[in-house]
Amino acid sequence: MPGPTRYQPTSTPVPAATMPAAGPGPIMPASAPAPPIVTAATARTPSGCAVPRLLNTSLTMRPPIHIGGACRIIMAELRRDRALTVPPPRANLKQGPSPPRKEAVPMTRLIVADAAMRNLLAKREDAHKYVYGHALVLSGGPGKGGAARLAARAALRVGAGLVTVAAPQPAIAEHAAQLNAVMLTPLPDSYSLRGMLTQDKRLNALLLGPGMGINRAREMVPAALWAERATVLDADAITAFAENPVQLFGMLHDKVVLTPHMGEFGRLFPDLAQAAKDGSLTHVEATRHAADRAGCTVLLKGAETAIAAPTGETALHRAVGSTAAPWLATAGSGDVLSGIVTGLLARGLSPFDAAGTGAWLHAAAARAYGPGLISEDLPEMLPRVFADLGL
């Protein structure tokens, strides 16, 4: 007996009631009547249910297919007479502004001191300094090193195992006169930075921006991001790319934390800053879109500090009302925050956890000191905060 052959449909319409029922049976020979073409308007299933009318479509019967000794009729594919319209691909947010997406997002976490935070901050009895990382803070030229020193001391106070300030040679003497536990090394240019990071894998967290100067930041940031270590970019490291944010976005990776205030945020994300200003986006929403666009964690500083990861996860730290810290409105306090986050990265916290924990510690240290606070006081209050946490 000849094997099954592919049927060529005819154009002779037949009532749906004459269609063969699905079920076991022999394979039809080639001489059997061809299957019908059933229009969407008239077709009914063997059970008598009408087939829904479809716009510009037809149902085509295919021959029975032999599967495991049984036959079944495969009701056919829907064939559209019109060409499909393919929607344009979603804009790559790294290439520049695009309208914020309307989509379901995870719930924003409110940052508070809890057992999880205490576990992140506690140190093991048997650990040594290299267990808690080595932070490298890049400094600017002579007379511009105060911000880097504030950040470096904060990184050491928050528990980084080692902290080094890397400065241009002319600024070394200035730093040496004011640093003790924080180490010091000359760093003339970006080539030297690449070499340093290649040779010493224990340098696991970097901070660029505070007091660096625009030109030095523009040179050093690509070299720092090339190494793909945990990195905090603040101040001048953000402003250096205000004219071409896309250039910076192309270099960022998921181990980076950006820590802008609203002015710096607007230099990289002007559309999102304007949306936050006019109320069409909350600070949390604007920060989430910024993290998505940049591909890294973003911490937007303020009385209500918003934090977002590129995964869409968000958190909010509220220093208002009973938890307000108004004396943080002083020069250098942001540099201390970036140093705290860098120290936590050196200790091994994820960028998102380091940003959230750092924001809480920063405000708690300010509250512990109270009125009269200046930035130099903030790192010195961290031991009291740790004691209050029971560490």
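No value in this document is a laboratory result; all are computed from the given coordinates. Note that the structure is predicted; figures quoted are calculated from it, not measured. Heads up, the Cβs are rebuilt from the backbone with ideal geometry, glycines too, and the neighbour counts pull from every protein chain shown.
For Glu228 and Asn244 in one chain, what is 0.36 nm times their gap in residues minus the Cα-Cα distance, to one decimal in nm?
3.7 nm
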Please compute the volume of the convex hull spanned by the alpha-carbon atoms of the stretch 168-226 and report it per residue in Å³.
96 Å³
Would you list the P(r) distribution for the stretch 237-391, with all Cα-Cα distances sorted into 5 Å bins from 0 and each bin expressed as a whole %?
2, 10, 19, 22, 21, 14, 8, 4, 1, 0
Amide H contacts of Leu184 (H built 1.01 Å from N, under 5 Å, at least 5 apart or other chain)
Val165
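In nm², what is the average projected area of the convex hull enclosing the Cα atoms of the stretch 290-355?
Directional mean of the projected Cα hull area for the stretch 290-355 stands at 4.9 nm².
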Taking only the alpha carbons of the stretch 321-388, the radius of gyration and the largest Cα-Cα distance, Dmax, both in angstrom, are 11.5, 33
Log10 I(q)/I(0) at q = 0.10, 0.19, 0.21, 0.23 Å⁻¹ for the stretch 227-326, from Debye over equal alpha-carbon scatterers, is -0.25, -0.87, -1.06, -1.24
Would you mind telling me the antiparallel percentage of the DSSP bridges in the stretch 248-365, rounded to 5?
80 percent
Taking a cut-off of 19 Å between Cα atoms, list the aspartates and glutamates near Lys123, but don't count ones fewer than 8 places away on the same chain.
Asp114, Asp353, Glu380, Asp388
Suppose the chain between Met251 and Asn119 were pulled fully straight at 0.36 nm per residue; how much longer would it get relative to their current alpha carbon spacing?
44.3 nm
Normalise the Cα radius of gyration of the stretch 103-388 by 2.2 N^0.38 Å (N = residues in it) and let me know the number.
0.93
Between His261 and Val131, the FRET efficiency computed from the C-beta separation at R0 = 30 Å comes out, to the nearest 0.05, as 0.35
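Among 116-126, 193-203, how do they line up from the highest to the lowest mean number of other beta-carbon atoms within 10 Å? Before the final figure, lay out the partial values.
Numbers: 116-126: 11.9, 193-203: 14.3.
Top of the packing list down: 193-203, 116-126.
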Going by C-beta contacts inside 10 Å, put His175, His128 in order with the fewest on the left.
His128, His175
